[in-house]
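See below for the structure under consideration.
The values are calculated or read from the model by the stated rules, or taken from the named source; none is laboratory data. Please read all numbers here as calculations on a predicted model, not as lab measurements. Virtual Cβ from ideal backbone geometry, glycine too; neighbours counted across all protein chains shown. Side chains are part of the model used for accessible areas, which takes the heavy atoms of the whole protein and leaves out ligands, DNA and RNA. Shrake-Rupley method; radii C 1.70, N 1.55, O 1.52, S 1.80 Å.
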Amino acid sequence: MPSLIVEPPNTQRFIMDRDDRNRNKNIGKNFMCRLQCMFSHSSSSESRLSLEDTQQWSQSLEKLLESKYGLATFRNFLKSEYSDENIEFWLTCEDYKKIKSSFRMSSRAKKIYEQFIKAESPKEINIDYHTREQIKRNVKTPTMHCFDDAQKIVYGLMERDSYPRFLRSDIYRTLLESLAADATKG
């Protein structure tokens, strides 16, 4: 009968920690490659993901969202946590504000309401009853600002909750580590 060799608990933890670190390094490199492939329309160095840009994401949510790589990384992080409705709503509102046609604005406002605002909607965002009711009235005669209050609430939620979690996440930390390692290699 074969004997089972059981390693001491400390050795097992060390092996697991080492395996986790290796896996995270690979995740960071794989994710970095995916990001660069997504945006590889030009091969100029200014369009590549850099350590400096990635470090700036930690300065503010605004800096993170201004970066095409930052936004893509944050969206991926939120999707991995099944909490991407806030960023999707915020981005949808940003696009909505660019609409010039009143017919398109009316049609789009109703879709946004149905998708994000209405109670029990597929991607219902977390806003208070008063704001939800105000938007319900606003959508009847929409303006480019009819979602502003909800958008501010959602931005605040992301800034206080999702963004700090993102900065502590394995995705962000391993991406930074991978870029820092590449920078030291030259």
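Those helices (runs of 4 or more DSSP H) of the range 99-186 in which 3 or more residues are of a type in the set (S, T, N, Q) and more than 25 Å from Lys63 (Cα to Cα) occupy 102-112, 129-138. Looking across the range 121-133, the residues that are without any contact (Cβ under 8 Å) to a residue 12 or more places away in the chain and open to solvent by less than 70 Å² (accessible area, probe 1.4 Å) come down to Ser121, Glu133.
The set of residues from the range 70-91 being of a type in the set (S, T, N, Q) and part of a loop (DSSP other than H, G, I, E, B) comprises just one member, Ser83. Taking the range 99-120 as the range and being open to solvent by less than 20 Å² (accessible area, probe 1.4 Å) and more than 17 Å from Arg137 (Cβ to Cβ) as the test, only Ile99 passes.
In the list Phe31, Phe39, Phe77, which residue meets the criterion of being of a type in the set (Phe, Trp, Tyr) and either closer than 22 Å to Phe147 by Cα or modelled with pLDDT under 55 (or both)? It would help to see each step written out before you state the result.
Working: Phe31 fails: either closer than 22 Å to Phe147 by Cα or modelled with pLDDT under 55 (or both); Phe77 fails: either closer than 22 Å to Phe147 by Cα or modelled with pLDDT under 55 (or both).
Selected residue: Phe39, the only one of Phe31, Phe39, Phe77 that is of a type in the set (Phe, Trp, Tyr) and either closer than 22 Å to Phe147 by Cα or modelled with pLDDT under 55 (or both).
Which is at negative phi and without any contact (Cβ under 8 Å) to a residue 40 or more places away in the chain, of Lys136, Lys97? Before the answer, list the steps.
Details: Lys97 fails: without any contact (Cβ under 8 Å) to a residue 40 or more places away in the chain.
Answer to the check: Lys136.
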